[in-house]
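Student: My structure is below; once you've seen it, I'll send some questions.
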Amino acid sequence: MDEVKAIQPIDEKTKWREDFPVDEVKEHYVERREFTKFLLLISGSFVVGQAYIGVRNFFRKSAQQLPIKKIASIDSIKVNSFISFEYPAKGDSCFLIRLTETKFVAYSNKCTHLMCPVIPQMDKMQLYCPCHAGYFDMNNGNPLAGPPPRALARVKLKFLQGEIYAEGMVV
Ligand code: FES
């Protein structure tokens, strides 16, 4: 009598493993050196990216030429008073303040906290932001109290033949 061999069913899920044996543990093992290389590569990419952004901003700022714009005549502003003007573009509201006979200052009216408009308080020599009670020194624009993190943007002034001009911003 012929001996009948039982045919074993082929397990398709594991058959390929026999054909292509892979040591999975070894395959997923990451050496310390490889991991360090990976970290260095990622850190290096961040450093290069930040450096690129810094250099690009530096050149963009230096290339940005703001217009020279007449604000008012010196005689039109009384001591201890202010006028509003727009600089460098329409809608960019600023103040020109006459502190003494010879001292003028000009600032953007955008608060450095969350951009609310500030209000000059001539009697206190301050600029006040009503949104979160921020205060700035009128002499130099520096923050005095409240949440504003830095000074107001200052408008560079130029005096020529009795007229006052804006010729740039210091941020
Ligand atoms: S926006 Fe001026 S203090 Fe917050």
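The values are calculated or read from the model by the stated rules, or taken from the named source; none is laboratory data. Given the structure is predicted, the values throughout are model-derived calculations rather than measurements. Don't worry about glycine lacking a Cβ; one is built from the backbone with ideal geometry, like all the others, and counts go over all protein chains shown.
Student: For region 95-122, name all the residues that are within 16 Å of the ligand (Cβ to nearest atom) and either outside any loop (DSSP other than H, G, I, E, B) or not assigned by TED's automatic domain parsing to the domain that holds Ala145 (or both).
Tutor: Passing the criteria: Phe95, Tyr107, Ser108, Lys110, Pro117, Ile119, Pro120, Gln121.
Student: What are the residue pairs meeting all of these: first residue in region 133-146, first residue of a type in the set (Asp, Glu), second residue within 14 Å of the ligand (Cβ to nearest atom), Cβ atoms under 7 Å, and 6 or more apart or on different chains?
Tutor: Partner pairs satisfying both residue conditions: Asp137/Gln126; Asp137/Leu144.
Student: Somewhere in region 77-89, is a residue of a type in the set (Phe, Trp, Tyr), away from the ligand (no atom under 16 Å from the Cβ), exposed (fewer than 13 other Cβ atoms within 10 Å of the Cβ) and in a strand (DSSP E or B)?
Tutor: no
Student: Being surrounded by 14 or more Cβ atoms within 10 Å (Cβ to Cβ) and more than 14 Å from Cys116 (Cβ to Cβ) is the filter here; which residues of region 132-146 pass it?
Tutor: Of everything in region 132-146, those that are surrounded by 14 or more Cβ atoms within 10 Å (Cβ to Cβ) and more than 14 Å from Cys116 (Cβ to Cβ) turn out to be Asp137, Met138, Gly141, Leu144.
Student: Something else now. Exactly one condition in (1) of a type outside the set (Asp, Glu); (2) surrounded by fewer than 11 Cβ atoms within 10 Å (Cβ to Cβ); (3) not in a helix (DSSP H, G or I) is false for Leu66; which is it?
Tutor: (2)
Student: Against the definition (more than 16 Å from the ligand (Cβ to nearest atom), assigned to a strand (DSSP E or B) and of a type outside the set (A, V, I, L, M, F, W, C)), how does Lys37 come out, yes or no?
Tutor: Considered against the rule, which asks whether it is more than 16 Å from the ligand (Cβ to nearest atom), assigned to a strand (DSSP E or B) and of a type outside the set (A, V, I, L, M, F, W, C), Lys37 comes out as no.
Student: If you don't mind, there's one more thing I want to ask. Looking at region 123-146, which of its residues are closer than 25 Å to Lys69 by Cα and either more than 16 Å from the ligand (Cβ to nearest atom) or under 20 Å from the mean Cα position of the chain (by Cα) (or both)?
Tutor: Across region 123-146, the qualifying residues are Asn139, Asn140, Gly141, Asn142.
Student: How many of the residues in region 104-132 are touching a residue at least 40 places away in the same chain (Cβ under 8 Å) and basic (Lys, Arg)?
Tutor: Counting residues in region 104-132 that are touching a residue at least 40 places away in the same chain (Cβ under 8 Å) and basic (Lys, Arg) gives 1.
Student: I'd like the residue in region 147-168 that is surrounded by fewer than 15 Cβ atoms within 10 Å (Cβ to Cβ) and within 16 Å of the ligand (Cβ to nearest atom) and, out of all such residues, is nearest to Ser84 (Cα to Cα).
Tutor: Restricting to residues being surrounded by fewer than 15 Cβ atoms within 10 Å (Cβ to Cβ) and within 16 Å of the ligand (Cβ to nearest atom), the top hit is Arg150.
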